[in-house]
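Here's the structure, in structure tokens; my notes come after.
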Amino acid sequence: MIKKVDTTAIKFNQASIITLTLLAYLLDLPWLVLGVGVVLAAGTMWPGAALFQQIYRQGLKPLGLLKPHVIEDDPAPHRFAQGLGATFLGLSSLALLALNALPLGWALAGLVAVLAAINLFFNFCAGCFVYYQLTRLGLIRRSASAS
């Protein structure tokens, strides 16, 4: 089975993460970091609930503001990367909101934003790279249809 991915949806997701994380830092809104993390976690567990991708699919794409760029690709590494982002934003939120470890919390949020920017501008997905390395080591099993 050939799988396809709309890279514009992924790029919009990355741009949303960067924008909201930067806004959270500039306005000192640690709850916004938690919100972005929850959005990413929900989209990882239930791809149909991916809020940023829904904004793209239901609003920006039909209005013609963004054009789809669909390629043959496995969506699993992208979901894994999103899950990593959610995890790091969750840890960031814990540091910011519960532990009062502001430098650590903002550094973790910044790491997610920087990696999202690298993906957005240079087309290198660090989370996808980790996924492929873990798969190569046999720590993640790929489905037969993903091969």
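Where a number appears in this text, it was derived from the coordinates with a stated rule and is not lab data. Treat the numbers as computed from the prediction; the structure is a model and nothing was measured. For neighbour counting, all protein chains shown are included, and Cβ atoms are generated from backbone atoms with ideal geometry for every residue, glycine included.
Evaluating 6.51 cos²θ - 1.76 cosθ + 1.60 at θ = phi - 60° for every residue in segment 119-132, the Karplus couplings come out as 5, 4, 8, 10, 6, 10, 9, 4, x, 5, 4, 4, 4, 5 Hz, glycine and proline recorded as x. Alpha carbon centre of segment 107-131 versus segment 1-34: separation in Å? Here the answer is 11 Å between Cα centres.
Cross-link reach is defined here as a Cα-Cα straight distance under 12 Å, omitting same-chain residues fewer than 8 places apart; for Lys61 the aspartates and glutamates meeting it are Asp6.
Rg of the Cα atoms in segment 32-145, relative to 2.2 N^0.38 Å, amounts to 1.16.
Projecting the Cα atoms of Asn123, Leu96, Gln14 onto the charge dipole of the chain (Cβ charges, centred on the Cα centre) puts Asn123 farthest toward the positive pole.
With a cut-off of 13 Å between beta carbons, the residues surrounding Val130 carry a summed charge of +2, where Lys and Arg count +1 and Asp and Glu -1. Rounded to the nearest 20, the Cβ-based charge dipole of the chain about its Cα centre (Lys and Arg +1, Asp and Glu -1) stands at 380 debye.
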